[in-house]
Amino acid sequence: MARGRGSGVIKLNESQAEQCAETLRNQWCVPQPAEWLEAQRYAVTPSDAETRAESVTAEFLLTRGDFAWIGYGFINCSGTDWVRPKEWDADYGGIALSPCSETSLGSGVFRRQYPNAVAEWNCHTAEGSISSSGRATDFEHGEPQA
């Protein structure tokens, strides 16, 4: 059974930075988050996919377990062809190297390393980012570069 709509930090704004940080510290950036025991569904709105694709994908990469997916759910049953962000097709290198962690105590910035990328969430700006690391990845096409 799939549960949830993601970690919930994407819905918090800058004024809720401490709530964001506490959620990540206590629920997601721990050795074995309870949510990882079940498949996770990260439901994204079409407007967020169009305007905040990197942030919603960073949240997904930061908090996902081994069995998780990101997308619209049943919203596409309406017959509308929604945008599919390039970030959803990029090669991040498979399984994360470890759960997320705070970059320094009390910073409110959290990071998770993948073989080909680093996902980061800044609770003070309520934004996420993804940067390449290790083997270069062409995020535009989701293909590793030689």
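The values are calculated or read from the model by the stated rules, or taken from the named source; none is laboratory data. Because the structure is a prediction, the values reported are computed rather than measured. Using ideal geometry, Cβ is built from the backbone for each residue, glycine included, and neighbour counts are taken over all protein chains shown.
Scanning the stretch 92-119 for residues that are among the charged types (D, E, K, R) and either surrounded by fewer than 19 Cβ atoms within 10 Å (Cβ to Cβ) or out of contact with any strand residue (DSSP E or B) (no Cβ under 6 Å at 6 or more places or on another chain) (or both) returns a single hit, 102.
Taken over the stretch 106-131, residues that are in contact (Cβ under 8 Å) with a residue 24 or more places away in the chain, among the hydrophobic types (A, V, I, L, M, F, W, C) and within 18 Å of residue 90 (Cβ to Cβ) amount to 4. Against the numbered list (1) touching a Pro at 6+ places or on another chain (Cβ under 6 Å); (2) farther than 18 Å from residue 129 by Cβ; (3) modelled with pLDDT of 95 or more, residue 91 comes up short only at (2). Which of (1) at pLDDT 95 or above; (2) under 14 Å from the mean Cα position of the chain (by Cα); (3) acidic (Asp, Glu) is the odd one out, the single condition residue 66 does not satisfy? Unmet for residue 66, out of (1) at pLDDT 95 or above; (2) under 14 Å from the mean Cα position of the chain (by Cα); (3) acidic (Asp, Glu): (1).
Yes or no, residue by residue, for (1) acidic (Asp, Glu); (2) at pLDDT below 95; (3) over 22 Å from residue 30 (Cα atoms):
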residue	(1), (2), (3)
71	no, yes, yes
78	no, yes, yes
99	no, no, no
138	yes, yes, yes
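Of the residues 56, 83, 109, which is of a type in the set (A, V, I, L, M, F, W, C), out of contact with any Phe, Trp or Tyr (no Cβ under 6 Å at 6 or more places or on another chain) and at pLDDT 95 or above?
Sole residue among the options that is of a type in the set (A, V, I, L, M, F, W, C), out of contact with any Phe, Trp or Tyr (no Cβ under 6 Å at 6 or more places or on another chain) and at pLDDT 95 or above: 109.
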